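What follows is a set of notes on a single structure, which appears directly below.
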Amino acid sequence: MPLLSVKQLDKMFGQHYALKDVSIEIEAGEVHALVGENGAGKSTFIKIITGVYQPTAGQIFWNGQEVQIDSPAAARQLGINVIHQERHLIPSFSGTENLFLGLPYPRQKWWPGIRWKEMERRAEQVKAELGIDIPLHLPVAEMSPPERTLLEILRAMLLDCKLLFLDEPTASLTDQEAELLFSLINRLQSQGTAIIYVSHRLDEVFRLSDRITVLRNGKKAGMLTRAEANRERLIRLMTDEEKVAVPQQRQTREVSQEPIVLDVKDLATLDGKVKKASLQVRRREIVGIFGLAGAGRTELLEAIYGLRPLKRGVITVMERQTSSPTPAQSLKNGVVLIPEDRRGHGLVMNMSIRENMTLPILSAYTSSGAIRGKKERADVREQMTSLNVKATDSEQRVSELSGGNQQKVVFAKALMSSPCLFLCDEPTQAVDIMTRNEIHRLLREQADAGNGVLFVSSDLPEVLEVADRVVVMHDGESIAELPVAGLGAEDVLQLCYRQRKEGAASHEAK
Ligand SMILES: Nc1ncnc2c1ncn2[C@@H]1O[C@H](COP(=O)(O)OP(=O)(O)OP(=O)(O)O)[C@@H](O)[C@H]1O
Ligand SMILES: [Mg+2]
């Protein structure tokens, strides 16, 4: 008897089917991957089984018994846990407080006080047991996106779990952190826990899963065992198109004579996250930043844009020099930041796609006080088509879009302001393979048009595929700058790990 059996599930939002006639069976102890394009219905499926949404039609059986899962608490009671695609944490609460959200807090025996020490002890215990190292005493607002993901993983592991849903868990994790997650998955699996794994990274899917279900436009397009599955077959099931755009052939370009768009000299931030970083981006050039966890990549982009106060250093954008950049000044200079945390910084969730996309450039559409709505809508529609944003129309609220489609809106918004310098933090996280190629193509197009691109990715093959040069960071310092032509992933990783070993050795010597 399967652990979970779902029969003919439908879910409608307004007039639209997000899921239609989906039937899936999950066995105890299996890793079952769920794949499909952005907006295919993966997160909606997860939200139904974890009690966030109610299905429009269909049946759910748990150990052979039909069940109604009418709240997240009801799902947890059955032993169903989830790490959602978007983080569900309270920013002002500490890591430990967030861990225990929704659980009975340990109480004092004789009066209703909470036993904080006991909570901390239990949190530290699970942390040590799983080998996850995050500062639980800090408020979540001060944690980085990967730390928040690790916190949610910890939270899911705090409870007994028969079925665990992971929705894009590795989207902001580095390879090492992802490895940690994979070993946890193996451990859970050997204890008989079933895992439903959602990811756009097909190599992870092949590595982890026993069976793979493909969704397309809310319908089940097929189910394959790992032995039957290969990349081509999966992509064919995922898309209507016969052929997927192949990545462009890269050409090496000579940019040493081009003007410098961005010059960063000896940068250090007040919070010490960036200690000593220097780099340059020329026109027509794409520069990738790579480093292991905690290397300070995101922080460097934020510092350049003006989100982190500087302690030292000079930033020059198109010959305009500053040592105290601000976001307003950056925008004026033609710099855009595509942030990693799109819900936090990238989008206003309760505004429409159109409003979000034209927010920073509204003045371009106003003449004598009135908004030129027609032109605005036409431009928005053009961007939406080119990035294949799946939505009912440009007036749909971004909170109603799937995760990957939100990411596309963030990207489209940046393109709308015609910047001369793009700062992108994980620009393709959570987007499907088709759009990933499209975003790469658009970045290349921007560079070819004479702009500069600086981007951070924890996906080393992506850096090597897209960038002309790679800047390697370690512990807040830029330690090397290498042309990508002829460079292999091994070379870059060796550099990172060697630095880490040397760093540890000198630390011990002190
Ligand atoms: N709350 C909502 N209101 C209206 N429509 C919604 C809502 N949530 C999801 N949808 C729609 O349902 C469809 C499926 O979305 P879902 O989030 O399940 O996609 P997904 O497969 O998880 O995609 P991604 O890979 O981008 O995360 C999309 O068309 C989306 O716009
Ligand atoms: Mg999703």
**Q.** the range 274-295 - residue that is assigned to a loop (DSSP other than H, G, I, E, B) and over 25 Å from the mean Cα position of the chain (by Cα) and, of those, farthest from GLU465 (Cα to Cα)
**A.** LYS275
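Restricting attention to the range 389-404, does a residue exist that is part of a helix (DSSP H, G or I), touching a His at 6+ places or on another chain (Cβ under 8 Å) and surrounded by 15 or more Cβ atoms within 10 Å (Cβ to Cβ)?
Yes, the range 389-404 contains a residue that is part of a helix (DSSP H, G or I), touching a His at 6+ places or on another chain (Cβ under 8 Å) and surrounded by 15 or more Cβ atoms within 10 Å (Cβ to Cβ).
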Q | Failed condition for ASN38, given (1) surrounded by fewer than 16 Cβ atoms within 10 Å (Cβ to Cβ); (2) within 13 Å of ligand 1 (Cβ to nearest atom) | A | (1)
(Q) Please count how many residues of the range 193-216 are at pLDDT 90 or above and either surrounded by fewer than 17 Cβ atoms within 10 Å (Cβ to Cβ) or of a type in the set (Ser, Thr, Tyr) (or both). (A) 8
Q. Looking at this structure, is SER417 within 16 Å of ligand 2 (Cβ to nearest atom), hydroxyl-bearing (Ser, Thr, Tyr) and either touching a residue at least 40 places away in the same chain (Cβ under 8 Å) or assigned by TED's automatic domain parsing to the domain that holds ARG148 (or both)?
A. no
Q) When residues of the range 45-62 are filtered for being within 16 Å of ligand 2 (Cβ to nearest atom) and either farther than 13 Å from ILE24 by Cβ or surrounded by fewer than 20 Cβ atoms within 10 Å (Cβ to Cβ) (or both), how many remain? A) 4
(Q) Cβ-Cβ distance below 6 Å, separation of 6 or more or different chains: which pairs start in the range 348-366 with a residue that is surrounded by 14 or more Cβ atoms within 10 Å (Cβ to Cβ) and end on one that is among the acidic types (Asp, Glu)? (A) SER352/GLU395; THR358/GLU376; TYR365/GLU376
Q: Report those helices (runs of 4 or more DSSP H) wholly inside the range 63-131 carrying at least 2 residues which are among the hydrophobic types (A, V, I, L, M, F, W, C).
A: 72-78, 116-130
Q. Got a sec? Which of PRO427, PRO461, PRO419 is under 24 Å from ILE235 (Cα atoms) and in a loop (DSSP other than H, G, I, E, B)?
A. PRO427
(Q) Tell me yes or no: at least one residue of the range 401-412 is within 28 Å of LEU279 (Cα to Cα), away from ligand 2 (no atom under 16 Å from the Cβ) and not assigned by TED's automatic domain parsing to the domain that holds VAL281. (A) yes
Q. Can you name every residue in the range 487-506 that is touching a strand residue (DSSP E or B) at 6+ places or on another chain (Cβ under 8 Å) and modelled with pLDDT under 70?
A. ARG500, GLY503
Q) Considering the range 450-481 alone, what residues qualify as being over 21 Å from the mean Cα position of the chain (by Cα) and free of Cβ contacts under 8 Å to residues at least 40 places away in the same chain? A) ILE479, ALA480
Q) Which one is nearest to ASN63 (Cα to Cα), of the residues in the range 145-180 that are more than 16 Å from ligand 1 (Cβ to nearest atom) and of a type in the set (Gly, Ala, Ser)? A) ALA156
Q: Identify the residue in the range 415-425 that is in contact with a Pro (Cβ under 9 Å, 6 or more places away or on another chain) and at pLDDT below 90 and, among all such residues, is farthest from ligand 1 (Cβ to nearest atom).
A: SER417
Q. Within the range 63-73, is there a residue that is out of contact with any strand residue (DSSP E or B) (no Cβ under 6 Å at 6 or more places or on another chain), assigned by TED's automatic domain parsing to the domain that holds PHE165 and closer than 18 Å to LEU184 by Cβ?
A. no
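The values are calculated or read from the model by the stated rules, or taken from the named source; none is laboratory data. Just so you know, these numbers come straight off a predicted model, no measurement behind them. With ideal geometry, Cβ positions are generated from the backbone for all residues, glycine too; neighbour counts draw on all protein chains shown.
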